[in-house]
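Chemist: Let me begin by handing over the structure; questions about it come next.
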Amino acid sequence: MTGLRHRPPGGPRRGRLAAHGHNVFAEMSALAAEHAAVNLGQGFPDTAGPQTVVESAVRALRAGHHQYPPVPGLPGLRRAVADHQRRFYGLDIDPDREAVVTTGASEALAAALLALTSPGDEVVALEPFYDSYAACASLAGATLVPVRLHAPDFTFDTRDLAAAITGRTRVLLLNTPHNPTGAVLSAEQLCEVAALARAHDLLVISDEVYEHLVFEGVHQPVAALPGMFERTLTVSSAGKSFSFTGWKVGWATGPADLVTAVREVKQHLSFAGGTPFQHAVADALRLPDEYFATATDRLRRRRDLMTDGLRALGFDVRPPRGTYFVTADITPLGERDGLEFCRALPRRCGVAAIPHQVFYTDPDAGRRHVRFAFCKRESVLRQALDRLKEGLG
């Protein structure tokens, strides 16, 4: 019989991602498009990164770099990643053995969880957390164990972290600067995390994609702490630091055994890709300090514009210390459910945001908060604030 697909007895079957099927980012972006709304939901800039880096990609294309790069990534990019880690953090990375290039940080995280955990293992992560963490843990057959960051400052209690660790815990999954809250773990907190990792012989996967978007103080990698490099896989990417989210060039660094495990999984995911972009990102990582300082200052002004504007409209807001997201409490407006609020917002105000509850295992814990992205031009942010004022007034 042609034109028919075999359906297993009992109807359609769903795999490990059945509980992670709904993508709120796609939903809110679709609502933004439907209502011609200012999209402050999905986190992508509305301006290009440095023109010199764009020209690097163009030169690579014109030079004929169209075929597969090596599975670990172009040697030049791996050297640039190693130089970056030494320049900013004093970490001595072997580019041939201790660095691997991935299709964005998302692939690095997925490959790391698939490579470093087994079915039945537990992965402890700070909650709220980026939605792919739970999905990737599920793909690996592992269980994500949340440790709550408490509003309004989104800090955690080390005793909660210690209590979450069991005999099945394999990995501590960190994210600092933290998405969605904008929190940045202090040096003291990182030392406490490191002490627990050493005491329980745990691996650490550290998601540091917002490493250059810190507004107070500086970013400190957990891998730079005593006794931590040998148990830490550090993940980052070019998307956030250079405003090239669509290029999907990321990397992971760490001890050779962890990087090798990630590379062995990664070759069965994307295999390799983005050859001309890899050439360009190598140049981006070597931009002068002035670039990083100027980009952060520009984003800090947008943070302050958005934070002050939302507060003036009645939201309860704390300025984030990092990333390009601001968290707002909607209860002072008389609202009680962030998902309902965000679903109505594009039609009501012509603005899109993301509800925090999608970042929690227990949606009630994040029901009062929503996330706005401020990685847009100042004129766009002002337009969004004007629309919110009119629609919420």
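Chemist: Considering only DSSP beta bridges where both residues belong to the range 151-294, give the percentage that are antiparallel (nearest 5).
Modeler: Values: 4 of 13 bridges.
DSSP beta bridges in the range 151-294 are roughly 30 percent antiparallel.
Chemist: Which one, (1) 23.9; (2) 21.8; (3) 22.7, gives Kirkwood radius over Cα pairs in Å as derived from the coordinates shown?
Modeler: Recomputing Kirkwood radius over Cα pairs in Å here gives the entry labelled (2).
Chemist: Using a 1.4 angstrom probe on heavy atoms only, work out the carbon and sulfur share of the accessible area of the chain in %.
Modeler: Working: 8530 of 16980 Å².
Using a 1.4 Å probe with all protein chains present, the chain comes out at 50 percent carbon and sulfur.
Chemist: A further question on this structure: Once R0 is set to 41 Å, what does the formula 1/(1 + (r/R0)^6) return for the Cβ-Cβ distance between A63 and D364, expressed as a FRET efficiency to the nearest 0.05? Present the calculation step by step, with values, prior to reporting the outcome.
Modeler: Details: r = 55 Å, r/R0 = 1.33.
Using R0 = 41 Å, I get an efficiency of 0.15.
Chemist: Using 0.36 nm times the number of residues separating D308 and E264, minus their current alpha carbon distance, what extension gain do you get? The partial results should precede the final answer.
Modeler: On the way: separation 44, 0.36 × 44 = 15.84 nm, distance 4.71 nm.
Fully extending the segment from D308 to E264 adds 11.1 nm.
Chemist: In addition: Loop only per DSSP, at most 14 neighbouring Cβ atoms within 10 Å: give me the GluC sites (Glu not before Pro) in the range 122-221, ordered by residue number. Walk me through the intermediate numbers first.
Modeler: On the way: sites: E122, E188, E192, E208, E211, E216; in loops: E208, E211, E216.
The qualifying sites are E216.
Chemist: Hey, what do the phi angles of the range 174-182 turn into as Karplus ³J(HN,Hα) couplings, whole Hz, using 6.51/-1.76/1.60 and θ = phi - 60°, x for Gly and Pro?
Modeler: Whole-Hz 3J(HN,Hα) from phi for the range 174-182: 9, 9, 8, x, 9, 9, x, 7, x.
Chemist: Hey, can you find the accessible area per residue of the chain for me, probe 1.4 Å, expressed in square angstrom?
Modeler: On the way: 16980 Å² over 393 residues.
Ligands and nucleic acids excluded, the result is 43 Å² per residue.
Chemist: While we're looking at this one, here's another question. Hey, for a label at A195 modelled as a point 7 Å past Cα toward Cβ, could you say which residues of the range 221-262 have their backbone N under 14 Å away?
Modeler: The answer is 226, whose backbone nitrogens lie closer than 14 Å to the label point.
Chemist: Grab the Cα-Cα distance for A26 and A48, subtract it from 0.36 nm times how many residues apart they are, and report the gain in nm with one decimal. Show your work: numbers first, answer last.
Modeler: Numbers: separation 22, 0.36 × 22 = 7.92 nm, distance 2.18 nm.
Length difference between fully extended and current span is 5.7 nm.
Chemist: Now a separate question. Go ahead and estimate [θ] at 222 nm for the chain from helices alone: -39,500 (n - 2.57) per DSSP H run with n ≥ 4, summed, over the residue count, rounded to 500. Numbers along the way, then the final one.
Modeler: Values: 13 runs with 157 residues, N = 393.
So the calculated ellipticity at 222 nm is -12500 deg cm²/dmol.
Chemist: Same structure, new question: By how many nm would the segment from A33 to A163 lengthen if fully extended, with 0.36 nm per residue of separation less the alpha-carbon distance? Show your work: numbers first, answer last.
Modeler: Working: separation 130, 0.36 × 130 = 46.80 nm, distance 4.41 nm.
The A33-A163 span can extend by a further 42.4 nm.
Chemist: Nearest 0.05, what FRET efficiency do R87 and D297 give at R0 = 22 Å with Cβ-Cβ as r?
Modeler: Values: r = 20 Å, r/R0 = 0.89.
That gives a FRET efficiency of 0.65.
The values are calculated or read from the model by the stated rules, or taken from the named source; none is laboratory data. Here the structure is a predicted model, which means the values were calculated and not measured. Backbone-built Cβ (ideal geometry, glycine too); neighbour counts: all protein chains shown. For the accessible areas, the whole protein counts, side chains as well, though only heavy atoms, and no ligand, DNA or RNA atoms are used. Shrake-Rupley method; radii C 1.70, N 1.55, O 1.52, S 1.80 Å.
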